[in-house]
Each structure stands twice: as C-alpha cells, then as structure tokens.
Amino acid sequence: MEVPKDQIASLLEHGLYNSAQMLGCFLVSSPAANAESAPHLKTESLVLLGDSLFREREYRRAIHSYKQALQCYKMIPKQNVASSRSSLSSNRSSSPNSCNGSVINENEVKFKIASCHCFLNENKAALVEMEGIPSKARNLPMNLLLGKLYRISRHSRAAVAIYKECVRHCPYVLEAITALSELGSTAKDIISLFPQTPNRSGRAPFDHTDSSRWLQRYVEAQCCMASNDYKGGLELFADLLQRFPNNIHLLLEMAKVEAIIGKNEEAIMNFEKVRSIDPYIITYMDEYAMLLKLKSDYSKLNKLVHDLLNIDPARPEVFVALSVLWERKEEKKALQYAEQSIRIDERHIPGYIMKGNILLSMKRAEAAVSAFRAAQELRPDIRSYQGLVHTYLALAKIKEALYASREAMKAMPQSAKALKLVGDVHASNSGGREKAKKFYESALRLEPGYLGAALALAELHVIEGRNGDAVSLLERYLKDWADDSLHVKLAQVFAATNMLLEALSHYQAALRLNPQNEAAKRGLERLEKQMKGVDPDAPEEEEDNDVEDADGDQDETELL
C-alpha cells in the first residue's frame, strides 16, 4: 500500500494529531483504499482520519469521516465481517484513536460519533447513536456516556439503571456514585452494588475491610448532600479529609456546600486552600467568585478572573466568574456571560443562579423565574428556592412564593434558611408579620449564628416601631460577630430615630470592616447631609454628578 496505515496509528499514538490528519488525507485518497475493491481498507482509513480529526477537535469533520466509514463497512462481505468480529471479541478498546489492524469495531465507531455530538452539545443525536449499541456490547465508558445522556434528556429511570451497571462494573467510578445519589438512590442501595464475588471476567470482589471503608463513607456523604442534609454531609467529608489531608476534591466539595448554606468564611478559606495547592484548578471557582463579590473583595475577584482566563477561557465556570465581575458595572454584559456559561454546559447550575439573580435585579422577574426553575430541575438547593421566593415576591405572587418557601422547608427541614424564607413571605404583608416573627425566631434557635435571620427580625422590629428591640438584638450579635452588615443595619435604625452620632459610628465601623460596602457608603453620604442640615433627597449639584462619573470611570478601569 502506498501510504501504510500503521504509520497513522503510530502518529496518533504519539499525539501527533495534525500530522496524522494530513497523512490520513493521503490514505483515504489512495487508489489502494478504493471503496469498491478494498472496502475494508477504505473503512479503516476513514476511521483513522476520523480519530485524527477528533483529537484536533474538528468534531463535525470527524462525524462525517466516521459515518463514511460505517457506510463502507456495510459493503464488506458478510463472511469477512463475521470472521473479523470473532477475532476482535477478545480485544475491545474505547479510546477514540483505537483501530484494530484488520477491521473496525462498529460499536466503537458509533461511540466516537456520539462523543463528537456531545462535544457539540447535540445530545439528542448522541443519544440516538448510543441507543444503537446493544447493551451487551457496551463497555464502561459507553455506559457512563449513555447514563449522562439519559439524565440530560430527563429519562431518570433509565439513567439510574445505567449508572448502577457502571458501579457494578467498577465501584470506584465516583461520577456514577454522585449521579445515583442525585437521582435519589440511597447509600445502602449504592453500596449493595459493589461486587461481592468474582464475576465471569475474573474481576476481584470489592474489599469491604477498613482499608476501603472510605469509599462507603464517600457514598454516604454524597447521599447526604443530595438529600439536603448538608450538616451530615460536611461531617462525613471532614472525616474523610482527616484520612486524606489536602485532598482537592474533598476540599472543593466542602467549600461548595459551605457556600450554598452561607458558611462564607469557611468556604472562602477552603477555596483559597485549594488554590494554594493547585493554582490551576477551575472546578467550582465560579462559586468562589460569588463569595468574593459578597465580601466585596474586588481585588481578589479581579485576580481570580484573570487567572481563570489564562488557564482555560472556554470553561463555563470562567464565564460565570466574568458575569460576577461585570454585574456591579454593566448588568447587560454580566447577563451575556451567564448565558454563555449555560450554552457551554446546559447543566451548569451556577450559570442559572447567576442569570436569575441578574434578571431579578434588572426587574425582569418572569424571566428570572424560568432561570431559577431551570436550576431547581437540575438539582434543587437553597439558592434556587431563595431566588424563586424573592422573584415571586417581586411579582406580588404571594401564593406562589409561599408554596416555593414551604417546598424548601419540606426539602430541608433542618435548614434555618428555609425557615427564614417562609418568614420572608409572611413579612411581605402586614397581616403576616406575627407569623414571620415566629419563623425568624425558629431559624435563630436552629442556627443561632444565622445573621440573615437576625437582620430580618431586626427589620421587622423597626417596621412595627420596636426600634429598641431591634437595637438590642443587633448589639447582642455584634458581641460575637464582627460583621459589616450588622453595623449597617444598626446605623440605619439609629438614623431613623435621629440618633445621628450613633449612626455615624456604625457606618464608619462597617466601612472599616468592608471598605467596599455600598450600603454603608450610601448611608454615610446621606447621614452627612442630614448632619449638615441638607435634605438628603434633594437633587444633586452638577459637580457632584461629575465626581460620580469619574468614580464610574475608575470602577471600569478596575474591572478591565
């Protein structure tokens, strides 16, 4: 043969994909690889060309080449195919650049086509290809892809069956364990899938001794998280972390959950620890970006986004982080970045949460509902419930807001944040304030350090004219928590009761803790006008507007 196909296989094996692609063009156009006279050579040549295109990320061209290969494969005489299949039965590979020297594996080619469709976000087409592979012919990578596709297409029962098959085959496939827990399987069900005795393939049974006890604990932790038992899950992860110190995966899982439940300082500490161990990590870094924004730490947020863009600008986490960075300056651009993250990965929950929050601040509440619902369908957590409740309240849909808050309380009976959500709905109308007070107090009994409930209860006291109660509550919390939001709320209460010096002291304390606290800046500016005898609501002078524009230019420079 003019162009030896084993040379292309060698180039692929050594990662020289561009050279393999160019040589593949010679191979498929060679007269020796004629589809009519030598269909088997033409088939193998097209698969090799497809493999080189796959590795070069030219997925559409790879699909075209693989499909041409399958067409040529049909032209091979049946007796040749049968003998080739028997010779291949003992040697199957799932690698996209694998190709047997004598004939192709039709199911492997279908798997490669499906993989290409997945990279192009064409999940329906990918599922069609995967369903064309007989169940007995599917290997572990094939089952993992099929389970993912069933889950994306919301065929939950089929996804569970496939993921269970993955765990039976190999209990260390952690992504299958996580998927099963999120799809509702119990820890007991998942652990029961671990191999007990050697099977026909000679695979050893799972080691249930103490040396492998960690995997069972990991299963239990993921099931806790999936059932919103965050406290139990965190305890189990912390337990595992003692056995596997500085484990990046465990630290990230803990940080993500801490971010969700509002343990912001602990989450930031774990994210920073991960970045100190591996500065090139991208997983969950959008969650870290959200925390930095909440803390108004824009210098760290700027650096984080800069680092992520240099590592891999095509990941969804990077676009969510960009959205977080731009939200303060230009909401429209921030929304575009959030939407881009979803286009890259339609199952990326932080993208939907970010999109919903931006739409809500842009007063596009109906669209925000859709974003929060999409996040909830993927995996309900307290943030999607919070988004839904606050959006329904913005739309004055009290009934829907109450239903969503009760749904959160039912899903997370031990969550102080869920209790506060129900209180928020009741507090939205004057007739429900007494009920709101009870829910806020219950939330504080369940989680005494939950400042969100303390601030909400203080606000309720102020609305009902109990300023003294609000002050004593907030001052009690200040003894244990040095938090800028507590100082701001206290300053607002004192300003409302004309205790201007006390208000000034707390605004200044808030800015010492967090110089970027916008509420404190606005409050202090307003207070200073009051103390000068100027109406704070009067229109600003022209030169004040010029100063504001200069600040805006400076902010934009910081963002860039």
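Worth a mention:
- Shape call, the range 430-479: gyration tensor on alpha carbons, a/c limit 1.5: oblate
- Placing +1 on each Lys and Arg Cβ and -1 on each Asp and Glu Cβ, with no other charges, gives the chain a dipole about its Cα centre of roughly 3100 debye.
- Rounded accessible area of HIS40 (nearest 10 Å², 1.4 Å probe): 80 Å²
- Here LYS67 is the anchor, and the lysines within straight C-alpha reach of less than 26 Å, apart from those fewer than 8 places off in the same chain, are LYS5, LYS42, LYS78, LYS110, LYS112, LYS124, LYS136, LYS148.
- Accessible surface of LYS110 - all protein chains present, 1.4 Å probe, nearest 10 Å²: 40 Å²
- Residues in the range 234-255 reached by a label modelled at TYR172 [backbone nitrogen below 17 Å; 7 Å Cα→Cβ]: 244, 248-250
- For the listed peptides 229-240, 50-61, a ranking on the average number of other beta carbons within 10 Å per residue, highest first, reads 50-61, 229-240.
- Among the listed values (i) 25.5; (ii) 31.3; (iii) 27.2, the one computed from these coordinates for mean projected area of the Cα convex hull in nm² is (ii).
- Dividing the summed -39500 (n - 2.57) terms of all DSSP H runs of n ≥ 4 by the residue count of the chain sets its mean residue ellipticity at 222 nm at -22500 deg cm²/dmol.
- Per residue value of the accessible surface for the chain (all protein chains in place, 1.4 Å probe), Å²: 50 Å²
- Placed amide H near LYS329: partners under 5 Å, 5+ positions off or other chain: none
- Note on SER505 and GLU441: with the Förster distance fixed at 25 Å, the Cβ-Cβ geometry gives a FRET efficiency of about 0.35.
- With every protein chain in place, the range 260-329: carbon and sulfur % of accessible area (1.4 Å): 55 percent
- Rg followed by Dmax, in Å, when the range 275-357 is reduced to its Cα trace: 11.5, 35
- Look at the alpha carbon pairs under 8 Å that are at least 6 residues apart: their mean separation over the length of the chain gives a relative contact order of 5 percent.
- Residues LEU241, LEU501, LEU446, LEU460, sorted by accessible area with the largest first, give LEU501, LEU446, LEU241, LEU460 [1.4 Å probe; ligands and nucleic acids excluded].
- Largest accessible area first, the listed residues LYS188, LYS332, LYS521 line up as LYS188, LYS332, LYS521 when surface is computed with a 1.4 Å probe on the assembled protein chains.
- Shape of the range 249-315, Cα gyration tensor, a/c cut at 1.5: oblate
- Accessible heavy-atom area order of TYR66, TYR403, TYR337, highest first, probe of 1.4 Å: TYR403, TYR337, TYR66
- Using θ = phi - 60° and Karplus 6.51 cos²θ - 1.76 cosθ + 1.60, couplings along the range 462-469 (whole Hz; Gly, Pro as x): 5, 4, 8, x, 9, 4, x, 5
- Distance from the range 437-502 to the range 379-405 (C-alpha centre basis), Å: 24 Å
- Gyration tensor (alpha-carbon) shape descriptor, the range 108-158, a/c threshold 1.5: oblate
- Across LYS295/LYS332; LYS329/LYS479; LYS303/LYS363; LYS329/LYS529; LYS355/LYS420, pairs whose alpha-carbon gap is larger than 28 Å: LYS329/LYS479; LYS303/LYS363
- Relative packing of 168-179, 415-426, 385-396, which averages over residues the other C-beta atoms within 10 Å, highest first: 415-426, 385-396, 168-179
- Positive-end extreme of charge dipole, the chain - chosen from LEU304, HIS249, VAL173 (charges on Cβ): VAL173
- Quick note on the range 350-484: its Rg to Rh ratio, both from C-alpha atoms and Rh being the Kirkwood radius, is 0.99.
- Surface accessible to a 1.4 Å probe, CYS25 within the full protein complex, Å²: 60 Å²
- Under Karplus coefficients 6.51, -1.76 and 1.60, residue-wise ³J(HN,Hα) of the range 42-50 in Hz, glycine/proline x: 4, 4, 5, 5, 5, 5, 4, 5, x
- The C-alpha atoms of the chain define a longest principal axis, and helix 416-427 lies at about 50 degrees to it.
- The apolar share of the surface of the range 476-528, taken as the fraction of accessible area on carbon and sulfur atoms (1.4 Å probe, ligands and nucleic acids excluded), comes to 50 percent.
The values are calculated or read from the model by the stated rules, or taken from the named source; none is laboratory data. Values in this document were obtained by computation on a predicted structure and should not be read as measured data. In this analysis, Cβ positions are derived from the backbone assuming ideal geometry, glycine residues included, and neighbour counts consider all displayed protein chains. With ligands, DNA and RNA removed, areas are computed over all heavy atoms of the protein, side chains included. Shrake-Rupley method; radii C 1.70, N 1.55, O 1.52, S 1.80 Å.
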